[in-house]
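The values are calculated or read from the model by the stated rules, or taken from the named source; none is laboratory data. In this text the structure is predicted, and so the values were computed from the model without any measurement. Positions of Cβ are backbone-derived with ideal geometry, glycine not excepted, and every protein chain shown enters the neighbour counts. Heavy atoms of the whole protein, side chains included, go into the accessibility calculation; ligands, DNA and RNA do not. Shrake-Rupley method; radii C 1.70, N 1.55, O 1.52, S 1.80 Å.
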Amino acid sequence: MKYKVEICDLSLVIKGHTILEHVSLYLKSGRIYGLIGRNGSGKTILMKCICGFIHASGGMVKVEGKTIGKDCDFPADTGIIIESPEFLPYYNGYQNLASIAGLRGQIDRQQIRAAISMVGLDPDLKLPVRKYSLGMRQRLGLAQAIMENPSFLVLDEPMNGLDEEGVQDMRAYLLDLRKKGKTILIASHSAEDIAILCDKTFKLEHGKIVSEAGED
């Protein structure tokens, strides 16, 4: 299969307003792709369409050859951070991820702990998530996205709330995932993040891709 993800002529119209207009992009394995653009340009909405959270008005999204909304409701083997990660406030980090992992039953306790450690958090920390800083919540969100070892990651502003050390850690981790053959799509306002991480970028304005840069 040449492309891991295919977005073909995707359009979204809500109450007469065009949100996405004929968006097409193709993502290969072992690459990091960036979505850039101002607030309201359509980046987050596009990610939600890719993940099956919103059904497009026209066009098609395929992940691993399966059409979202036709062959499946959501893309399999996908880790997602879109907008601010939400967790049960009175559970600690491990308890939150264990409750999510229990829905699918694909990973065990040690794999959950390993994912938490991998993003720089302590899996034994008893602090409830309601007392986490924004950066800690963002790290926990990434741990949730990667704990089942997905082959495709969709990350909306993954550096949000992280301090400089956290940003460096996150960049190193994403680059390591690329080496392992993962396909990663990120949206970011940081030109530095995009320059360091992305093999190719797509710029959106008013729901359209207006330019592309980089190599497939």
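Computed over the range 20-153, relative contact order equals 23 percent, with contacts defined as Cα pairs under 8 Å that lie 6+ residues apart. Taking all Cα pairs closer than 8 Å and separated by 6 or more residues, the relative contact order of the range 62-126 comes to 24 percent. In the complete set of protein chains, residue-level accessible area for Thr183 is approximately 0 Å², probe 1.4 angstrom. For the range 14-83, the relative contact order is 23 percent, taking Cα pairs closer than 8 Å that sit 6 or more residues apart in sequence and dividing their mean separation by the residue count. Taking a ≥ b ≥ c as the square roots of the eigenvalues of the Cα gyration tensor, the chain is prolate, since a/c reaches 1.5 or more and a/b is larger than b/c.
For Ser117, the solvent-accessible surface computed with a 1.4 Å probe is close to 60 Å², ligands and nucleic acids excluded. Computed over the chain with a Gaussian network model linking Cα atoms closer than 10 Å, the most mobile of Pro89, Pro123, Pro75 is Pro89. Among the chymotrypsin sites (Phe, Trp or Tyr not before Pro) in the range 46-150, those located in a DSSP loop and surrounded by at most 16 other Cβ atoms within 10 Å of their own Cβ are Phe53, Tyr90, Tyr91.
If a/c stays under 1.5 just call it rounded; otherwise compare a/b with b/c (prolate if a/b is bigger, oblate if not). Do that for the range 1-76, with a ≥ b ≥ c from the square roots of the Cα gyration tensor eigenvalues. Oblate shape, in that a/c is at least 1.5 and b/c is the bigger or equal ratio. Once neighbouring chains are kept in place and the probe is 1.4 Å, which whole percent of the accessible area of the chain is contributed by carbon and sulfur? The computed percentage sits at 48. Only the Cβ atoms of Lys and Arg (+1) and of Asp and Glu (-1) were treated as charged; on that basis the dipole of the range 61-216 about its Cα centre amounts to roughly 460 debye. When the Cα positions of Ala213, Gly161, Gly52 are compared along the charge dipole of the chain, Gly52 comes out farthest toward the positive end, with charges on each C-beta of Lys, Arg, Asp and Glu. Between Ile14, Ile50, Ile68, the GNM of the chain built on Cα springs shorter than 10 angstrom shows Ile14 fluctuating the most. Per residue, the accessible area of the chain comes to 50 Å² when a 1.4 Å probe rolls over the protein heavy atoms.
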